[in-house]
Amino acid sequence: MNTTRSVTVDDLTAAIAAVAPDVAGEVAGLDRDIDLFEEFGLDSMDRLNIMTALSEATGREISERQYPELTSINRLMAYLDGPVT
Amino acid sequence: MSQTDSSTEFEYLMPSLGADMDEGSVIEWLIGVGDLVERGQVIARVETEKSDIDIEIWHEGTVDEVLVEPRRIVSVGTPLLKLHRSRVDSHVDFAPPVGEPVSQRDATVLASPLARHLADERGVSLSDVVGSGPHGAVRCCDLDRVTTPELSTTTNAPDGGEPDPSSRADRMRATIAMRMERSSSDIPHYRLERAIDLGALTQYLAERNEQRPVAERILPAAAFVRATAIAAARHPELNGTWVDGRFVPGAGVNVSVVVSLRTGGLLTPLIRDADQYSLDELMHQIAEFTAAARTGTLRSTWTGAGSTITITNLGDRGADLVHGLISPPEVALVGFGRVVERPWVVDRQVEPRPIVIVTLGADHRATDASVGSRFLATLARSLENPEMS
């Protein structure tokens with residue numbers, strides 16, 4: 001029923017804004033290979049809310065087992081099968 | 001009905017959004033004259049000493065008049081809105097006058113004796129409760145759906161015309177300082193700790209989460225709250241408050257959860273009757289109020305008086321263990337450090353297991369370490385046997 005799509009930096013910015021509005025503005029300019037959870041001091045509760053938002057935005061499921069891998073913007077984009085838009 | 005019957009008119013008063021709140025100001029009205037408001041609707045954002053809170057209304061009605069303009073500081077209990085209800089239901093008495101004890105102003109509301117007693121203990125006004133009994137009488141189960149507007153707060157995301165956030169942070173710091181000073185000087189703490197093997201819980205949650213969409217996954221934090229609530233229900237000596245030289249058992253297990261804010265400071269959203277919720281329900285609430293607290297959108301649902309025990313969970317970025325200070329007038333604080341893989345002896349073999357160190361800070365006036373130890377043993381049993389809960 002739901003169509004899926006690739007994740008965008010805007011999706012990520014919106015997801016982070018919903019848990020950490022103070023750093024949301026930095027997402028777009030962030031090095032896309034660094035661990036953004038580390039960089040922004042986001043904990044597992046923040047991560048759950050971010051993954052939920054990304055999953056809802058893209059219509060895709062994100063396996064919990066993949067969480068340790070999905071730490072940078074590039075890795076999230078690759079997993080959510082998305083070219084940069 | 002074209003005419004407003006006087007018995008259906010009511011006022012909405014400035015709620016008390018914290019034990020230490022005396023006054024506040026509406027920053028922004030989210031409704032206007034002529035609007036029909038629903039039960040649970042967020043009607044305004046209010047600034048208090050500590051932060052901004054979205055306030056909700058608990059009766060449906062039509063707004064006739066806005067009595068207080070934005071930014072004016074008024075004391076708790078000041079009428080903010082005049083409304084009338086479209087349906088006549090004369091059994092519930094709205095707008096209790098301020099300054100009278102709850103029980104007195106509730107005398108005219110139909111309620112069962114148990115509901116009256118519980119309302120009194122919880123500091124809930126019966127007139128704020130929609131009764132489901134005969135003639136709209138309030139029954140005890142109705143109280144569980146009620147949230148008294150009270151406590152806690154937020155540093156607000158700047159979205160135009162906001163008050164100075166640095167002074168807000170200062171006021172929050174001052175409030176924390178005052179409360180912790182009082183805790184430290186008034187409460188003779190005893191402190192216990194227990195290391196708990198979360199191997200079974202971790203596996204249980206991983207299997208369960210693998211089959212669920214992201215939004216329905218459960219973090220250990222929800223299990224910590226549930227295990228604490230169960231332990232508090234089984235050991236009522238630790239669930240309540242110390243008032244006027246004696247212990248007052250809590251009516252229900254009302255768990256406050258400390259949420260640290262990114263900009264510094266803390267908020268303590270409240271889960272009423274936490275022992276009555278499933279893991280899923282608790283997880284949903286925790287995820288929601290954590291995000292709300294951190295973005296300055298905490299609603300009055302999660303605030304208020306009546307907390308009977310507090311949890312501080314440092315999370316996966318925290319230290320190994322925490323010995324916190326009890327939030328007065330409560331008598332216990334349960335602390336969870338981060339979960340760490342440690343060498344652990346299982347069946348005479350050393351294995352790496354995920355371990356959490358749980359601490360209990362308890363008021364020695366109310367209980368002794370033997371009670372605290374039993375509390376931690378119950379808590380450990382729940383966490384070690386996740387299928388039980």
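The values are calculated or read from the model by the stated rules, or taken from the named source; none is laboratory data. This structure is a prediction, so every number in the text was calculated from the model and none was measured. Please note: Cβ atoms are built from the backbone with ideal geometry, for glycine as well, and neighbour counts cover all protein chains shown.
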Would you check if residue B:386 is of a type outside the set (Phe, Trp, Tyr) and within 25 Å of the chain's Cα centre (by Cα)? yes
Would you say residue A:58 is surrounded by 15 or more Cβ atoms within 10 Å (Cβ to Cβ), among the hydroxyl-bearing types (Ser, Thr, Tyr) and within 13 Å of another protein chain (Cβ to nearest Cβ)? yes
Is it the case that some residue within segment B:318-325 is out of contact with any strand residue (DSSP E or B) (no Cβ under 9 Å at 6 or more places or on another chain) and not hydroxyl-bearing (Ser, Thr, Tyr)? yes
Within 17 Å of the chain's Cα centre (by Cα), crowded, with 19+ Cβ neighbours inside 10 Å and assigned to a strand (DSSP E or B) - does that describe any residue in segment B:285-301? no
List pairs: first in segment B:210-221 and touching a residue at least 60 places away in the same chain (Cβ under 8 Å) and more than 7 Å from every other protein chain (Cβ to nearest Cβ), second loosely packed, with under 15 Cβ neighbours inside 10 Å and in a helix (DSSP H, G or I), Cβ under 9 Å, 6+ apart or cross-chain? B:216/B:280; B:218/B:280
If you go through segment B:280-329, how many residues are more than 14 Å from chain A (Cβ to nearest Cβ), in contact (Cβ under 8 Å) with a residue 24 or more places away in the chain and not polar (S, T, N, Q)? 15
Among (1) in contact with a Pro (Cβ under 9 Å, 6 or more places away or on another chain); (2) of a type in the set (A, V, I, L, M, F, W, C); (3) not in a strand (DSSP E or B), where does residue B:259 come up short? (3)
With A:8, A:3 as the choices, which residue is surrounded by fewer than 16 Cβ atoms within 10 Å (Cβ to Cβ), at pLDDT below 90 and among the polar types (S, T, N, Q)? A:3
Out of segment A:38-52, which residues are hydrophobic (A, V, I, L, M, F, W, C) and either more than 12 Å from the chain's Cα centre (by Cα) or facing another protein chain (nearest Cβ under 9 Å) (or both)? A:40, A:42, A:45, A:48, A:51
A careful count of residues in segment B:319-369 that are assigned to a loop (DSSP other than H, G, I, E, B) and under 18 Å from residue B:190 (Cβ atoms) gives 15
Please specify each residue of segment A:14-31 satisfying the condition of being more than 14 Å from chain B (Cβ to nearest Cβ) and surrounded by 15 or more Cβ atoms within 10 Å (Cβ to Cβ). A:27, A:30
In segment A:61-80, how many are basic (Lys, Arg) and more than 11 Å from chain B (Cβ to nearest Cβ)? 1
